[in-house]
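Structure provided below as structure tokens; questions to follow.
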Amino acid sequence: MNDFWVQYGDEMLPVIGDFPRAGDYLPSFMLVDDQKRDAALEGFSHTPKLIVTLLSVDEDEHGGLYLLRETRRFLDRWPHLKLIVISVDSPSSLARARHEHGLPSIALLSTLRGRDFHKRYGVLITEYPLSGYTSPSVILADTNNVVHYSERLANTRDFFDFDAIDALLSAGEQQALEAEREAAEARQQQESEREQGTERLLEKARQIEQSRQQAGD
């Protein structure tokens, strides 16, 4: 377990657990959504995702709604990313927050039925006044649940390093475009070689036909 401390007002609180790092696979989880349905990590496979843990949706400036608003604003540029927000709030509280604050297309998940999540994701605050809460963090993972970026906030009033995440996503987007271009060029080359091969076969057939006609004469 990694030693980490988060500042909450004047308090410095220890955070424990195995926080996923770049290159790690996301640990599996079984949580509950705002409609009281089970929600497993596997349900979010095959899509790139940004997992955000908050102190609570009932908090504003301390790792709560302000942080969520800034994260959503950042994701306007990256609409293909699935935003998954996890906190200790009850499913009913999450449903109320969705209704009051308008949070469409966001997965709101509660740790109510997944208390092992805190330690497996390295966000368990262990001392008063936030003992048992999930410390604010962000994890960027791909369709295979491989982590590409992760960050825990050292202060609950801070925001995530969106510039770092943006740079990483931009680099990945550029690599994908280059790979797509190379694949298109390879397909064109294969098509050209097939056309050349067909032309050679036709030319050979013409030569054979001409030879037959000459032999007949």
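Using unit Cβ charges (K, R positive; D, E negative) and no other charged atoms, how large, in debye to the nearest 20, is the dipole of segment 82-181 about its Cα centre?
580 debye
Under 5 Å between amide H atoms, partner at least 5 residues away or on a different chain: which partners does V6 have, H built in plane at 1.01 Å?
The answer is L13, V15.
What is the dipole size for the chain, taken about its Cα centre, with +1 at each Lys and Arg Cβ and -1 at each Asp and Glu Cβ, in debye to the nearest 20?
Its charge dipole is roughly 660 debye.
Taking Cα atoms, how many degrees apart are the long axis of helix 65-75 and the longest axis of the chain, rounded to 10 and kept between 0 and 90?
The two axes meet at around 10 degrees.
Still on this structure, please answer the following. Let me know the whole percent of all Cα-Cα pairs from segment 70-183 that are separated by more than 18 Å.
Tail of P(r) above 18 Å: 60 percent of Cα pairs.
What size of dipole, in debye to the nearest 20, comes out for segment 29-80 about its Cα centre when the only charges are +1 on Lys and Arg C-beta atoms and -1 on Asp and Glu C-beta atoms?
Using Cβ point charges on Lys, Arg, Asp and Glu, segment 29-80 gives about 280 debye.
Can I ask one more? Using only helices, what value at 222 nm comes out for the chain when you add -39,500 (n - 2.57) per DSSP H run of length 4 or more and divide by the total residues, to the nearest 500 deg cm²/dmol? Please list the in-between numbers first.
On the way: 4 runs with 81 residues, N = 217.
Taken over the chain, the calculation gives -13000 deg cm²/dmol.
Quick check: pseudo-label points 7 Å beyond the Cα along Cα→Cβ at R96 and S28, how many nm apart are they?
3.4 nm
Right, something else. How big is the Cα convex hull of segment 1-57 in projection, averaged over all directions, in nm²?
Mean orientational projected area (segment 1-57, Cα hull): 5.6 nm².
Specify which labelled value, from [x] 26.8, 106; [y] 21.4, 72; [z] 22.9, 86, agrees with Rg and Dmax of the Cα atoms in Å derived from the coordinates of the model shown.
Evaluating Rg and Dmax of the Cα atoms in Å on these atoms matches [x].
Give me the percent of accessible area attributable to carbon and sulfur for segment 1-70, probe 1.4 angstrom.
Exposed carbon and sulfur together represent 45 percent of the surface.
The values are calculated or read from the model by the stated rules, or taken from the named source; none is laboratory data. Everything numeric here is computed off the predicted structure, so don't read it as measured data. Glycine also receives a Cβ, built like all others from the backbone with ideal geometry; neighbour counts cover every protein chain displayed. Remember, those area values only see protein heavy atoms, side chains included, never the ligands or the DNA or RNA. Shrake-Rupley method; radii C 1.70, N 1.55, O 1.52, S 1.80 Å.
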